[in-house]
Every structure is written in structure tokens, then in C-alpha cells.
Amino acid sequence: MAARGTPYIGVLYAGIMLTAAGPRVLEFNCRFGDPETQAILPLLDSDLPEIMLACVEGRLDQADVCWRPGACATVVLASEGYPGVYPKGRPITGLDEAAGCEEVAVFHAGTARQDGHVVTAGGRVLAVSATGDDLPLALARAYAGVERIHFEGMHYRRDIGKRGA
């Protein structure tokens with residue numbers, strides 16, 4: 001991109017899948033808000049807006065980018081039928097309880113407010129992220145948060161991080 005006169009400045013991360021033949025790159029991504037980002041940013045120990053401003057102003061090399069030690073794990077809660085057709089408007093419970101778990105953050109993706117309640121409104125409904133000193137602890141905390149959340153048709157992967165833990 002730099003050779004074409006359009007240098008890229010920002011975050012670029014690889015979506016990698018472990019296969020029997022070894023790691024394989026699925027995609028490169030630069031968006032914030034994806035579950036992959038929600039497993040990285042909780043470990044950022046610097047001011048994200050300041051880092052972004054440094055990118056825009058061409059002084060990223062001077063920015064103080066620091067990371068917390070440890071690990072983060074994210075589990076996506078999806079609607080019944082996802083990635084195909086999925087129902088909407090199903091009440092979600094347990095959000096406050098999940099967010100109250102140690103080192104847990106709940107990110108909303110496919111949710112909406114309806115009559116004062118949070119309901120499903122998309123295929124990928126929520127992402128539950130948690131940090132810990134190591135991956136097994138981060139995973140245990142994330143799944144503890146997941147266990148407190150409920151909506152009809154909710155499903156999620158139970159093997160997240162198992163090969164790395």
C-alpha cells in the first residue's frame with residue numbers, strides 16, 4: 001500500500017485457524033467491534049483514543065502503547081439459526097450478573113431495547129470477554145459470565161481456547 005502511495009496506518013490483525021496441516025490465515029481485518037478485537041483490547045493498558053490520534057497525526061512511533069500481562073478470552077453468544085435466519089425480540093436475562101463477574105465485560109452486538117428490556121436483534125447477539133493471569137483463568141471467567149446469561153435459542157461454542165489452554 002505504501003508503494004502505491006496509500007500507506008496503511010492503524011491496526012491490522014490476522015484471523016487464524018488451527019488445522020491438522022498447521023495454522024492457516026482466514027482473513028486480515030482492521031475493524032473494531034469484532035469478537036477478535038474484543039479479545040485483544042481488554043489487555044490494552046494505554047489510552048486507545050490517544051493511540052488513534054497518534055496514528056492520524058503521524059506520530060505513532062512516539063505513542064506509549066502498553067499491554068497488561070495475562071490473557072483474554074471471548075465467547076460469542078449467537079441466536080438460534082445463526083448464521084442463517086434467526087428470530088428477533090427474545091428477552092435476554094442475566095446481563096448484570098454476567099457483567100458483575102470478576103474481570104468480565106459483556107459486549108452487545110445484536111441486541112435492542114424493547115419495552116424497557118434488552119432483546120435479541122441479530123445473529124451474533126453478545127460477546128462475553130474475560131481477562132486472567134493465564135488463558136485457563138480467562139476462559140473460566142468468560143464461561144462463568146456466559147452461564148449467567150439466558151435467551152431462548154442461545155448457543156455458543158464450548159471449545160474456545162481449549163487447544164491453547
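The values are calculated or read from the model by the stated rules, or taken from the named source; none is laboratory data. The model shown is predicted, which means the values in this text are computed figures rather than measured ones. Because the Cβ atoms are built from the backbone with ideal geometry, glycine has one as well, and the counts that use them run over all protein chains shown. Just the protein is used for accessible areas: all its heavy atoms, side chains included, with ligands, DNA and RNA removed. Shrake-Rupley method; radii C 1.70, N 1.55, O 1.52, S 1.80 Å.
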### Summary
In nm², the average projected area of the convex hull spanned by the Cα atoms of the chain is 12.5 nm²
### Message
Can you find, among 105, 16, 72, the residue sitting farthest towards the positive end of the charge dipole of the chain, where Lys and Arg contribute +1 and Asp and Glu -1 at Cβ?
### Response
16
### Message
Please compute the Kirkwood hydrodynamic radius of the stretch 4-57 from all pairs of different C-alpha atoms, in Å with one decimal.
### Response
13.3 Å
### Task
Give the share of C-alpha pairs in each 10 angstrom bin for the stretch 34-102, from 0 to the last occupied bin, in whole percents, shortest bins first.
15, 30, 28, 20, 6
### Task
Return a whole-number percent for the relative contact order of the chain, with Cα pairs under 8 Å and 6 or more residues apart as the contact set.
22 percent
## Note on the structure
the chain accessible area per residue, 1.4 Å probe, protein heavy atoms, integer Å², reads 61 Å²
### Query
Which order, highest average first, do 129-139, 65-75 follow once you tally other Cβ atoms within 10 Å for each residue and take the mean per peptide?
129-139, 65-75
### Task
Roll a 1.4 angstrom probe over the protein heavy atoms and tell me the percent of accessible area of the chain that is carbon or sulfur.
55 percent
### Query
Dividing the convex hull volume of the alpha carbon atoms of the stretch 89-145 by its residue count, what do you get in Å³ per residue?
69 Å³
### Message
If R₀ is 35 angstrom, what is the calculated FRET efficiency for the pair residue 43 and residue 147, using the beta carbon separation as r and rounding to 0.05?
### Response
0.95
### Query
What are the residues whose amide H is under 5 Å from the amide H of residue 90, where those residues sit 5 or more places off or on another chain and H is modelled from the backbone?
120
### Task
Could you pull out every residue, at least 5 positions away or on a different chain, whose amide H is within less than 5 Å of the one on residue 46? Hs are placed 1.01 Å off N in the peptide plane, and Pro or chain starts have none.
66
